[in-house]
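Accompanying notes for the structure given below.
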Amino acid sequence: MLTWRILLNCLRATAHPRLLAFLLSLPLIPLGIYCVFPHPFYDPDCTFAILLGLLLLQRLERKPSRWLALLTGTVLVVPLFIKQNTGLAFLVSTSLALLILIFD
């Protein structure tokens with residue numbers, strides 16, 4: 001559901017965005033988040049937290065508010081506490097991207 005919402009936000013300007021987002025996220029239905037990349041360092045809970053952070057960032061871009069910014073900032077740090085390797089990569093890349101957008 002989170003992947004579908006993220007795709008829907010990205011494809012909003014195209015024709016039939018709901019259908020296209022559904023078709024692109026359709027392969028995730030039989031796979032689930034546990035079967036996409038079955039390696040020991042892969043953590044589906046961290047992936048869920050990352051997807052939630054991305055969705056909140058998209059929502060914050062469309063409808064800025066202080067409470068949503070606080071919630072988004074809090075959720076962006078959560079993957080670091082779930083799984084350090086992917087969480088740290090997500091936090092560093094997101095922070096760097098936000099800094100570039102602020103100073104651009």
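The values are calculated or read from the model by the stated rules, or taken from the named source; none is laboratory data. Treat the numbers as computed from the prediction; the structure is a model and nothing was measured. Don't worry about glycine lacking a Cβ; one is built from the backbone with ideal geometry, like all the others, and counts go over all protein chains shown. Accessible surface is based on the protein model in full, side chains and every heavy atom, while ligands, DNA and RNA are left aside. Shrake-Rupley method; radii C 1.70, N 1.55, O 1.52, S 1.80 Å.
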Residue pairs qualifying under the 7 Å Cβ cut-off, at least six apart or on distinct chains, with the first in the range 63-91 being within 11 Å of Ile50 (Cβ to Cβ) and the second being open to solvent by 80 Å² or more (accessible area, probe 1.4 Å), are Leu80/Leu88; Ile82/Asp45; Gly87/Phe81
Within the range 81-96, of all residues that are open to solvent by less than 70 Å² (accessible area, probe 1.4 Å) and more than 14 Å from the chain's Cα centre (by Cα), the one modelled with the highest pLDDT is Ile82
Out of (1) β-branched (Val, Ile, Thr); (2) surrounded by 12 or more Cβ atoms within 10 Å (Cβ to Cβ); (3) modelled with pLDDT of 90 or more, the one Thr14 does not meet is (2)
If we keep only residues of the range 46-80 that are part of a helix (DSSP H, G or I) and among the basic types (Lys, Arg), then the residue surrounded by the most Cβ atoms within 10 Å (Cβ to Cβ) is Arg59
Q. Any residue at all in the range 26-44 that is open to solvent by less than 90 Å² (accessible area, probe 1.4 Å), modelled with pLDDT of 90 or more and out of contact with any Cys (no Cβ under 6 Å at 6 or more places or on another chain)?
A. no
